[in-house]
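A.B. asks: Handing you this structure, nothing more for now.
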Amino acid sequence: MSTPVKAINRKKSTKRFDFRVTTNPTSHQAGANTVTIHSKDYDTSGRGYSFQANEVPGTVTMSVKEAKALYNFIGKTLNY
């Protein structure tokens, strides 16, 4: 017998971003398993990075599958 998969609702915050992962293994509804990255209002002048959005702060929401693809891409790209 397999171990039941538990729902996940985790958050992590930094000075510039709020990250959230939410999963619901029993739901078959679109949007039940998401990863959200929310940018905070943060002064980026002269720091070498920026966030361009129509609304600041901005939000990016993706499926867990898309987040795993992003994770793999970043891991392969930055693993030098």
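The values are calculated or read from the model by the stated rules, or taken from the named source; none is laboratory data. Computed from a predicted model, the values in this text were never measured in an experiment. No Cβ is skipped: glycine too gets one built from the backbone with ideal geometry, and neighbour counts run over all protein chains shown.
A.B. asks: What are the pairs with Cβ atoms under 6 angstrom where one residue, in the range 14-41, is closer than 17 Å to LEU70 by Cα and the other, located anywhere, is among the small types (Gly, Ala, Ser) and buried (at least 16 other Cβ atoms within 10 Å of the Cβ)? Sequence gap at least six, or different chains.
C.D. replies: Cβ pairs passing all conditions: PHE17/SER39; VAL35/ALA67.
A.B. asks: Any residue at all in the range 49-61 that is in contact with a Pro (Cβ under 9 Å, 6 or more places away or on another chain) and either modelled with pLDDT under 80 or not hydroxyl-bearing (Ser, Thr, Tyr) (or both)? Reasoning before the result, please.
C.D. replies: Step one: filter the range 49-61 for residues in contact with a Pro (Cβ under 9 Å, 6 or more places away or on another chain), giving 51.
Retained after the next criterion (residues that are either modelled with pLDDT under 80 or not hydroxyl-bearing (Ser, Thr, Tyr) (or both)): 51.
Checking the range 49-61: at least one residue is in contact with a Pro (Cβ under 9 Å, 6 or more places away or on another chain) and either modelled with pLDDT under 80 or not hydroxyl-bearing (Ser, Thr, Tyr) (or both).
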